[in-house]
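Beneath this line is the structure, given in C-alpha coordinates, with notes to follow.
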Amino acid sequence: MVYGRLACSTGGPVLGKFSYVEVSRHGGIGRTGTAFAALAVLDGLTPGAAPHWVRADYHRRAVQTPWQRRWLTNVRPSRYC
(Lines give C-alpha, C1' and ligand atoms only; values in the text may rest on other atoms or scores of the structure.)
Protein backbone atom coordinates (compact mmCIF):
# COMPACT_ATOMS: atom_id res chain seq x y z
CA MET A 1 0.00 0.00 0.00
CA VAL A 2 1.27 3.45 -0.92
CA TYR A 3 0.45 6.50 1.14
CA GLY A 4 0.27 9.80 -0.67
CA ARG A 5 0.98 12.88 1.41
CA LEU A 6 0.23 16.39 0.25
CA ALA A 7 0.87 19.69 1.98
CA CYS A 8 -2.35 21.69 2.27
CA SER A 9 -1.48 24.95 0.59
CA THR A 10 -4.84 25.99 -0.88
CA GLY A 11 -5.77 27.92 2.25
CA GLY A 12 -9.46 27.15 1.78
CA PRO A 13 -12.05 26.06 4.34
CA VAL A 14 -11.49 22.29 3.95
CA LEU A 15 -7.75 21.80 3.50
CA GLY A 16 -6.82 24.97 5.36
CA LYS A 17 -7.61 23.20 8.64
CA PHE A 18 -4.77 20.72 8.19
CA SER A 19 -1.03 20.81 7.58
CA TYR A 20 -1.07 17.62 5.49
CA VAL A 21 -3.57 15.19 4.02
CA GLU A 22 -2.75 11.52 3.48
CA VAL A 23 -4.54 9.17 1.08
CA SER A 24 -3.83 5.45 0.76
CA ARG A 25 -4.13 3.53 -2.53
CA HIS A 26 -2.27 0.67 -4.16
CA GLY A 27 -0.41 2.63 -6.85
CA GLY A 28 -0.48 6.02 -5.18
CA ILE A 29 -0.77 8.15 -8.34
CA GLY A 30 -4.00 8.15 -10.37
CA ARG A 31 -6.82 7.64 -7.89
CA THR A 32 -4.76 9.08 -5.05
CA GLY A 33 -4.17 12.21 -7.11
CA THR A 34 -7.86 12.32 -7.98
CA ALA A 35 -8.76 12.17 -4.29
CA PHE A 36 -6.36 15.04 -3.59
CA ALA A 37 -7.84 16.99 -6.52
CA ALA A 38 -11.37 16.39 -5.19
CA LEU A 39 -10.34 17.82 -1.82
CA ALA A 40 -8.87 20.83 -3.63
CA VAL A 41 -12.17 21.34 -5.49
CA LEU A 42 -14.02 21.18 -2.18
CA ASP A 43 -11.57 23.80 -0.99
CA GLY A 44 -12.44 26.21 -3.79
CA LEU A 45 -10.23 25.35 -6.77
CA THR A 46 -11.96 24.75 -10.09
CA PRO A 47 -12.10 21.18 -11.45
CA GLY A 48 -9.80 22.32 -14.25
CA ALA A 49 -7.20 23.85 -11.90
CA ALA A 50 -7.21 21.10 -9.27
CA PRO A 51 -5.27 18.48 -11.31
CA HIS A 52 -2.58 21.06 -12.11
CA TRP A 53 -2.25 21.95 -8.42
CA VAL A 54 -1.97 18.26 -7.44
CA ARG A 55 0.57 17.58 -10.21
CA ALA A 56 2.68 20.50 -9.06
CA ASP A 57 2.57 19.64 -5.34
CA TYR A 58 2.20 15.84 -5.26
CA HIS A 59 3.07 13.88 -8.43
CA ARG A 60 3.45 14.95 -12.05
CA ARG A 61 1.26 12.04 -13.25
CA ALA A 62 -1.56 12.46 -10.74
CA VAL A 63 -5.13 12.45 -12.10
CA GLN A 64 -4.11 10.22 -14.98
CA THR A 65 -7.19 9.46 -17.06
CA PRO A 66 -9.84 11.51 -18.84
CA TRP A 67 -12.58 9.90 -16.72
CA GLN A 68 -10.78 11.02 -13.54
CA ARG A 69 -10.69 14.60 -14.83
CA ARG A 70 -14.33 14.34 -15.92
CA TRP A 71 -15.34 12.96 -12.50
CA LEU A 72 -13.90 16.07 -10.84
CA THR A 73 -16.46 18.22 -12.68
CA ASN A 74 -19.14 16.55 -10.53
CA VAL A 75 -17.46 17.40 -7.22
CA ARG A 76 -19.18 20.31 -5.52
CA PRO A 77 -18.88 21.46 -1.91
CA SER A 78 -22.65 21.44 -1.44
CA ARG A 79 -22.75 17.72 -2.33
CA TYR A 80 -20.07 16.58 0.11
CA CYS A 81 -19.62 19.15 2.87
(message) As a test question: what accessible area, to the nearest 10 Å², does ARG55 have when a 1.4 Å probe is rolled over all protein chains in place?
(response) 70 Å²
(request) For ASP43, ASP57, write out the residues from largest to smallest accessible area, computed with a 1.4 angstrom probe and no ligands counted. (result) ASP57, ASP43
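The values are calculated or read from the model by the stated rules, or taken from the named source; none is laboratory data. Given the structure is predicted, the values throughout are model-derived calculations rather than measurements. Surface areas here come from the heavy atoms of the whole protein model, side chains and all, with no ligands, DNA or RNA. Shrake-Rupley method; radii C 1.70, N 1.55, O 1.52, S 1.80 Å.
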